[in-house]
Amino acid sequence: MKTKKFLWNAFMAVCMTLSATLLTGCSDDDETIAKPEEPEVKTNYRFDLFVCAKNHGGMSQNKNGTFVRSVPALTADQPMVEFTGKGIDITQTYTMESITKGKYYYQVPQSPADRFSKFQILTDAEGDEYIQTVAEVPFKDNTYYARKYTHAWLDDATLVIVGTDAAHKIVYWSKLKDADTSLSIESEGTLDIPLPENASALSTSGILTYRASDKKLYYFYNAKIAAGITQASTSTLYIAIIDPATMKVESNLPVDKALAEETAASAYGELMQNTVMYDDQDNLYLACLKTINDQECGTLLRMNAGQTTFDPTYNGFPNPEGKLLTIQFTGCGKALAYSSNNELGTGKNDVSYFYSIIRLADGSRERLKFNGQEMRYCSGRFSQRSVVLDGKTYFGLTEGTGEDEYPTIYIYDAETDSVEEGIKLSKGFCFDIIRILEAE
C-alpha cells in the first residue's frame, strides 16, 4: 500500500446525500408520489472508494489502515479498481467518518483532535491520490471528539455541529462558517436539553437534520438508563425542535416506544451511514430500532410534511429480519435499505447484511435482484457503500466466496426497477464506503 505523507489541518467535506432531489419519469404505478419537476443533472463529479485492510472499519473499529482511491465513474466499462500498491492511507490523521459537501471533506480528525478540519483528496498526474489541506479552526470552548458528533447544513455556507460532553449529559452546539479557502467558528453554546428523570446519559451524538420547508432543526436523541452500549429497550427516543437562528429549543418530546426506542447510528450521527431522508413530498424518514422478541430490529418512521411528530400509523419497515442500518431515497416513491438478518449474525464481519427496495407508500419491500437472482449477503455492519446520483443508485457488494465474486458495484434504476452490473474492485480488502465529490 502506498501511504503518502500529507500536511494535516483541514476539514472533511465533499459531496452530497442526494436523497430528495431526484428522478422524473417514474412509472405510473406510484400515483401517490408527486413527481419532481426536473432532476438536477451533475456531470462534473467523481467517486471516492474507501477500503480497509484485514477487517471492516468504521466507528473507531479500524486499526489496520483505511485506503482511498478516486475514480471518474462506476460503470462496467471502467477498469478494475486496484488497491495493492495503490491509494492513500488516511488512518494516522483522519477517520473514514466525515461530513462531505461539494469538493471537500470536513471532520474532527484523529490527530491532532483539537480542531475542525477541511480538506480534499486529489489525484496527481501519475494517478496517485494525495491530501490537500484547505482550512482548519481550533476548538473554542466546546470540545468534540473524532467520529462522535452529528451535523446539518443550514445553507451552503453554514454548518451546525452537535455533540455531547465526555459524560454525555450536556449537548454542545457550534456553528461554522465555510468559505472556499476558510473555515471559522461563528458561534457556539449548549442546547437546553436536560437529562430526563431516571436517565443517566444521552446519545453520544444523536441525529440532526434541517428541514428547509419550515426552517427548523430536528434533533433526534436517546435518553439512556446507562452510558455506553445499551440495548434499545433501555433507551427512550426524543425529538427536539430547534430554531436555527437562536439555537433555542422550542419543543422537546419523547417518541412513543411502540414506534421506536432508539435511532440508528445514535453514537455517530450521519458521519458514515445515511439514516435520515426526505422524499419528493418533503416527508421526513428516520431509521430506528425497537425490541421485537428480545432482539433489536429496524423500524422506519415517517414525519409527514407540515407535521412535527411521527405518523403513528406508519412503519416503512414492517416484519424486519434485523436492524435497519441505512436508508436513501431513490426516487419513484422508493428507498434503498441496507439491513441485517439477525439469524446470520450482527457483527461487523458477519456475512448477514443485504439490500432491499422499499415502496414507501405501504412499506412493502423486496430484496434486490440481479439477473433474476437475489443478490448475495454482505459483510460490513458499519458501511455506506451506496450513493444516489442523477436518478441512479450505486451500491456495493463485498467480496463473495466464489472465485468470480469480487467486490462489485451495481447500479439500480428506480424508474425501471432494474439492476445492472458496474465496476469491480480488487480482492483482499474490506469495502466500506462510496462518496461522491465534485471534480476539480
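The values are calculated or read from the model by the stated rules, or taken from the named source; none is laboratory data. For clarity, every value in this text was computed on a predicted model and none was experimentally measured. Quick reminder, even Gly has a Cβ in these numbers, built from the backbone with ideal geometry, and neighbours come from all protein chains shown. For the accessible areas, the whole protein counts, side chains as well, though only heavy atoms, and no ligand, DNA or RNA atoms are used. Shrake-Rupley method; radii C 1.70, N 1.55, O 1.52, S 1.80 Å.
One line per residue, one yes/no per condition, for (1) without any contact (Cβ under 8 Å) to a residue 40 or more places away in the chain; (2) under 25 Å from residue 437 (Cα atoms); (3) not in a strand (DSSP E or B):
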{"position": "289", "(1), (2), (3)": "no, no, no"}
{"position": "305", "(1), (2), (3)": "no, no, yes"}
{"position": "317", "(1), (2), (3)": "no, no, yes"}
{"position": "327", "(1), (2), (3)": "no, yes, no"}
{"position": "355", "(1), (2), (3)": "no, yes, no"}
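Can you tell me which residue among 212, 227, 260 is among the hydrophobic types (A, V, I, L, M, F, W, C), out of contact with any Gly (no Cβ under 8 Å at 6 or more places or on another chain) and buried (at least 17 other Cβ atoms within 10 Å of the Cβ)?
When all the criteria are applied, what remains is 260.
Does the range 332-339 include one or more residues that are farther than 27 Å from residue 299 by Cβ and either in contact with a helix residue (DSSP H, G or I) (Cβ under 7 Å, 6 or more places away or on another chain) or not in a helix (DSSP H, G or I) (or both)? Before you say what the answer is, go through the steps one by one.
Taking the range 332-339 as the starting set, the residues that turn out to be farther than 27 Å from residue 299 by Cβ are none.
No.
Test residue 220 against the criterion of being closer than 30 Å to residue 293 by Cβ and at pLDDT 95 or above, and give yes or no.
Answer is yes for this residue.
Check 216, 148 and return the single one that is basic (Lys, Arg) and closer than 22 Å to residue 308 by Cα.
It is 216.
Exactly one condition in (1) buried (at least 22 other Cβ atoms within 10 Å of the Cβ); (2) of a type in the set (Val, Ile, Thr); (3) touching a Lys or Arg at 6+ places or on another chain (Cβ under 9 Å); (4) in a strand (DSSP E or B) is false for residue 137; which is it?
Single failed check for residue 137: (1).
Mind listing whichever residues of the range 156-181 are open to solvent by 50 Å² or more (accessible area, probe 1.4 Å) and within 19 Å of the chain's Cα centre (by Cα)?
The answer is 156, and nothing else.
Go through (1) touching a residue at least 40 places away in the same chain (Cβ under 8 Å); (2) closer than 29 Å to residue 301 by Cβ; (3) outside any strand (DSSP E or B) and name the single condition residue 440 misses.
Status for residue 440: all satisfied but (2).
When the residues of the range 359-401 are narrowed to those that are among the aliphatic types (A, V, I, L, M) and more than 25 Å from residue 95 (Cβ to Cβ), which ends up surrounded by the fewest Cβ atoms within 10 Å (Cβ to Cβ)?
361
Looking only at the range 46-66, filter to residues that are outside any loop (DSSP other than H, G, I, E, B) and at pLDDT below 95; which one of those is surrounded by the fewest Cβ atoms within 10 Å (Cβ to Cβ)?
53
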